[in-house]
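*Asks:* Input: one structure, supplied below.
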Amino acid sequence: MNDLKNIGIRQFLARRGIQPKYECNGYGMYLSPLREERTPSFKVDYVRNLWYDFGSGEGGTLRTLVRSEEHTSE
């Protein structure tokens, strides 16, 4: 997980084929990679490199996103 320090959340999601549904001043709104949804509620702040899932109330760094993804896939 140490290699995650130099990767942006936006880049990480793009590598997984996940693109924002729309973008505004410094952030993008995505469909959550952690659960099924039809309306984008997963915000990625490109400047601060943080994410927040409004549907679940969770958020954090890329490291916490990877941990959340691993937990969801179990």
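The values are calculated or read from the model by the stated rules, or taken from the named source; none is laboratory data. These numbers come from a predicted model, not from an experiment. Positions of Cβ are backbone-derived with ideal geometry, glycine not excepted, and every protein chain shown enters the neighbour counts. For accessibility, only protein heavy atoms count, side chains too; no ligands or nucleic acids. Shrake-Rupley method; radii C 1.70, N 1.55, O 1.52, S 1.80 Å.
*Asks:* Helix-only estimate, please: 222 nm mean residue ellipticity of the chain, summing -39500 (n - 2.57) across DSSP H runs of length 4 or more and dividing by its residues, to the nearest 500.
*Replies:* Details: 2 runs with 18 residues, N = 74.
Here the helix-only value at 222 nm equals -7000 deg cm²/dmol.
*Asks:* Percent of accessible area on the chain owned by carbon and sulfur, 1.4 Å probe?
*Replies:* Ligands and nucleic acids excluded, carbon and sulfur give 46 percent.
*Asks:* Between Tyr22 and Glu58, how high is the FRET efficiency from 1/(1 + (r/R0)^6) when r is the Cβ-Cβ distance and R₀ = 35 Å? Nearest 0.05. All intermediate terms of the calculation are to be shown ahead of the outcome.
*Replies:* Values: r = 21 Å, r/R0 = 0.60.
Computed FRET efficiency for Tyr22 and Glu58 comes out at 0.95.
*Asks:* Return one whole number: the accessible area per residue of the chain in Å², for a 1.4 Å probe.
*Replies:* Numbers: 4970 Å² over 74 residues.
It amounts to 67 Å² per residue over the chain.
*Asks:* Take the Cβ-Cβ distance between Gln11 and Thr39 as r, set R0 to 25 Å, and report the resulting FRET efficiency rounded to the nearest 0.05.
*Replies:* So the FRET efficiency works out to roughly 0.55.
*Asks:* Step through the residues of region 45-58 one at a time and calculate ³J(HN,Hα) from phi using the Karplus curve (6.51 cos²θ - 1.76 cosθ + 1.60, θ = phi - 60°), rounding each to whole Hz and writing x for Gly and Pro.
*Replies:* With coefficients 6.51, -1.76 and 1.60, one gets 7, 5, 6, 8, 6, 10, 10, 8, 9, 5, x, 10, x, 9 Hz.
*Asks:* Quick one: which residues, 5+ away or cross-chain, put their amide H under 5 Å from the amide H of Gly59? H built at 1.01 Å from N.
*Replies:* Hits under the 5 Å cutoff: Asp53.
*Asks:* With a cut-off of 8 Å between alpha carbons and a minimum separation of six or more residues, what is the relative contact order of the chain in percent? Can you show the working numbers first?
*Replies:* Numbers: 101 pairs, mean separation 17.6, N = 74.
It comes to 24 percent, rounded to a whole number.
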